[in-house]
Amino acid sequence: MTSREALTRILELREIIEHNSRLYYECDAPEISDYEYDALFRELGELEAQFPEHDSPTSPTKRVGGKALDKFEKFTHSVRMGSLTDVFSYDELSDFIEKTNAVLGEDTEYSVEPKIDGLSVSLIYENGIFVRGATRGDGITGEDVTENLRTIKDIPLSLTEPLPYLNVRGEVYMSRKVFAEINEVREAEGLSLFANPRNAAAGSLRQLDSKIAASRRLSIFVFNLQEGSLYSDGRACLTHSESLDRLAELGFVTLPDRKTLVGFDAISEHVAALGEARPELSFDMDGAVIKVNNLADRATVGEGTSTPKWAVAYKYPPEEKRTKLLSVDIQVGRTGVLTPTANLAPVRLAGTTVSRATLHNANYIKEKDIRIGDTVVVRKAGEIIPEILESIKELRDGSEVEFRMPELCPSCGHPTVRDECGDGAAIRCVYAGCPAQNARGIVHFASKGAMNIDGLGPQVVELLLAGGKIHGIADLYTLKVEDIENLERMGKKSAENLVNAIEASKSAGLERLLFALGVRGVGEVAAESIAVKLQTLDNCFSAGIDDFLAVEDIGEITATALVEFFADEGTHDLCDRLAALGVVTVAKSEPKLDTLAGLTFVLTGTLPTMSRDEASALIKKNGGKVSSSVSKKTSYVVAGEEAGSKLTKANELGVPVIDEAGLLKIL
């Protein structure tokens, strides 16, 4: 085949594939089978590889992801990607409309739109071609995630018209259907489940391997024109609604169920209607956005220090439903704490079916007088974790049963004790050989924030324990492919991947190892601080309470727990064995200097030569603290270009303001 003949076939294939993609993804009316579609796609990829001179950034093959990146490059937004003021009641919404109308008039139009629960990105087009995309970040500096954005089928790689320049803002999300399907697969593979669609979308978009991002099937709604002309003759749009209509014509998927309305009554009615429709939507939304529609009027109303005065986000209260409490299960955590979990009659809540909810602890159950058989009110805390708010006592018929925490551990049968630390609400199994604690301890050891052993989830750990392949944490590092491949749902490839992941975890460093070991009160941040201060595991064993108290943010209770942990003979045996098996027991981070000890810094704006992350790391390395808010205790505010409300507050409080050069001078 000649190059010219190849080009003819390539163009033909691209047109056929794009047509069938629209039928499948947008119209839900495919005309060809998946097999036929895949064959066409494969043929196109092979031709583009054979004739690279005909490669194109708009080819459908760019949707599947390219080579993996080492890291994301920083991207400075040409138009600040700001946030909105939240309102939580119709009174607050009415107040916003009244104040705005007082400036613009009672006939002011507002665009009322769903607030998608995802993450914001900017998309940039040159001559009608998608060339760059970035996360919102802090509004000024984001991350270049262009390759991952190319995999989202809702994002047009080329516009219907070759406009010279266009910058739009959208919200990337994961549909509820895709979220459920991915979690089902992850559960079958023994991987940890995603907490909610928003977290899943955020994690997917920040994958360094764009093939993984492609497999997550993300979607996007475009909701704003950032800059550029929407018409080839340079004519500007007069209203926000006109700009969205025009963006839809250019090939974008714009916000659904938006209306242009006048007056509080009409606006609040649509806000309520959007809220009532939430359970039936294919995506998550956590509010409604109300914006002045006329773009010139927005300039008249103006901007606040950090948010525009011409728009607000109405946040819906968490959805609550009634259902029956059928029974209570007890889970034993890795530290021995017994946690009661409610089994409920299934109920649809915030877009998902809920059949289990947390009951927190024995004190919570007693205070709320929650009984098995009660009709209870359940909601998702933060739209994520189901919890029982109260029982409806007037609906009791006498068959309800009071619940009591068990006196014996349901896992090992040993007596439980009431934890004397804190408020005494925790009931704990203190038997060191408790199987449930052992299993959960291994799962924690392998978790993402700890040793990050991909593929070693709860189900795989249970299989390994049940099959006698491991008995504790250190046994992980003795596993071979043949020990794993015959376990249920594993196979040779999965076994090889798991063994490789375990081997890679050896180099995680002391920071992760300390967190992985599961010392009570030591989270990821504290573990890193200890590692940076003490540098080696041997130093941790020889450290006393005063040594641990000298570590930033370590208090007396945690310091005592650390000394007791490292004095335990079992800890010595475990750590000696891990070191003998090749696990790194020294810190990756260098010890902190004390140049900035006792000083607290707040960063704002764009610095000339450093990102704010780099400046933060430099401050922390030299013993200083970095805070996100300005107070009288702030030592310095480091301000760059386009510094916002933090600079204003620093001036109000009399906090010294320096630039990047000033920070370097102090160092």
Revision key, fill the gap. Relative to the chain, whose Cα atoms define the longest principal axis, helix 556-567 and its Cα axis are tilted in degrees, nearest 10, by 60
Point to revise | Debye, to nearest 20: dipole size of the chain, +1 on Lys, Arg Cβ, -1 on Asp, Glu Cβ | key: 740
Point to revise | Three-way shape call for segment 510-580 based on the alpha-carbon gyration tensor, with the a/c threshold at 1.5 | key: prolate
Check your understanding: Short version: ³J(HN,Hα) in whole Hz for each residue of segment 397-412, in order, from phi by Karplus 6.51 cos²θ - 1.76 cosθ + 1.60 (θ = phi - 60°), x for Gly and Pro, what are they?
Key -> 10, x, 8, 5, 10, 5, 9, 10, 5, x, 7, 10, 5, x, 8, 10
Practice item. Keeping to pairs on different chains or 8 or more places apart, tell me how many lysine pairs in segment 85-315 have Cα atoms under 15 Å apart. Key: 9
**Study point:** Paramagnetic reach from GLU556 (point 7 Å along Cα→Cβ, amide N under 18 Å) across segment 483-526
**Key:** 521
Review point. Whose amide H sits under 5 Å from the amide H of VAL354, counting only residues 5 or more places off or on another chain, with H placed in the peptide plane?
Key: VAL347, ARG348, LEU349
Review point. Under a point spin-label approximation (7 Å from Cα along Cα-to-Cβ), what is the GLN535-ALA248 distance to one decimal in nm?
Key: 6.4
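Over 21 Å apart: what share of the alpha carbon pairs of segment 320-418 falls there, rounded to a whole percent?
34
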Practice item. At 0.36 nm per residue, minus the direct Cα-Cα distance, what do ARG396 and GLU524 gain on full extension? Give it in nm, one decimal, please. Key: 41.6 nm
Exercise for review: Enumerate the calculated ³J(HN,Hα) couplings along segment 469-482 in order (Karplus 6.51 cos²θ - 1.76 cosθ + 1.60, θ = phi - 60°), each rounded to whole Hz, writing x wherever the residue is Gly or Pro.
Suggested key: 6, 9, 10, x, 4, 4, 4, 4, 7, 10, 5, 10, 4, 5
Review point. On a 0 to 90 degree scale, rounded to 10, what angle separates helix 34-50 from the longest Cα axis of the chain?
Key: 80
Check your understanding: What's the extension gain from HIS471 to GLU590 if we count 0.36 nm per residue and subtract their Cα-Cα distance?
Key -> 39.4 nm
**Study point:** By average C-beta atoms within 10 angstrom, highest first, the peptides 259-271, 204-216
**Key:** 204-216, 259-271
Review point. What is the extension gain from ARG322 to ASP91, computed as 0.36 nm multiplied by their sequence separation minus the C-alpha to C-alpha distance, in nm to one decimal?
Key: 80.4 nm
Check your understanding: For the chain, what D do you get in µm² per second when you plug the Kirkwood radius from alpha-carbon pairs into Stokes-Einstein at 4 °C and 1.567 mPa s?
Key -> 45
Point to revise | Derived scalar couplings ³J(HN,Hα) [segment 639-647; Karplus, 6.51 cos²θ - 1.76 cosθ + 1.60; whole Hz; x for Gly, Pro] | key: 10, x, 5, 6, 5, x, 5, 5, 5
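Provide the packing ranking of 451-457, 7-13, i.e. peptides ordered by the mean count of other C-beta atoms within 10 Å per residue, highest first.
Highest-to-lowest ranking by the protection proxy: 451-457, 7-13.
Sort HIS240, HIS77, HIS572 so that the residue with the fewest other Cβ atoms within 10 Å of its own Cβ comes first and the one with the most comes last.
HIS572, HIS77, HIS240
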Exercise for review: Rounded to the nearest 0.05, what FRET efficiency do ARG404 and ARG206 give with R0 = 45 Å and r taken as the Cβ-Cβ distance? Could you check?
Suggested key: 0.50
Study note, to complete from the structure: Listed by chain and number, the residues whose amide H is under 5 Å from that of MET285, excluding neighbours fewer than 5 places away on the same chain and using placed H, are ASP117
Review point. Roughly how tilted is helix 240-249, in degrees to the nearest 10 and between 0 and 90, from the longest Cα axis of the chain?
Key: 90
Check your understanding: Roughly how many nanometres apart are two label points built 7 Å out from the Cα toward the Cβ at GLU15 and GLU184?
Key -> 3.8
Check your understanding: What order, most packed first, do the peptides 127-140, 163-176, 486-499 have when packing is the mean number of other Cβ atoms within 10 Å of each residue?
Key -> 163-176, 127-140, 486-499
Check your understanding: Roughly speaking, what % of Cα-Cα pairs in segment 72-120 are separated by over 16 Å, rounded to a whole number?
Key -> 61
**Study point:** Whole-percent pair-distance distribution, where bins are 10 Å wide, for the alpha carbons of segment 405-474
**Key:** 19, 40, 31, 10
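No value in this document is a laboratory result; all are computed from the given coordinates. Everything quoted here is computed from the prediction, not taken from an experiment. All Cβ positions, even for glycine, are placed from backbone atoms using ideal geometry, and neighbour counts span all protein chains on display.
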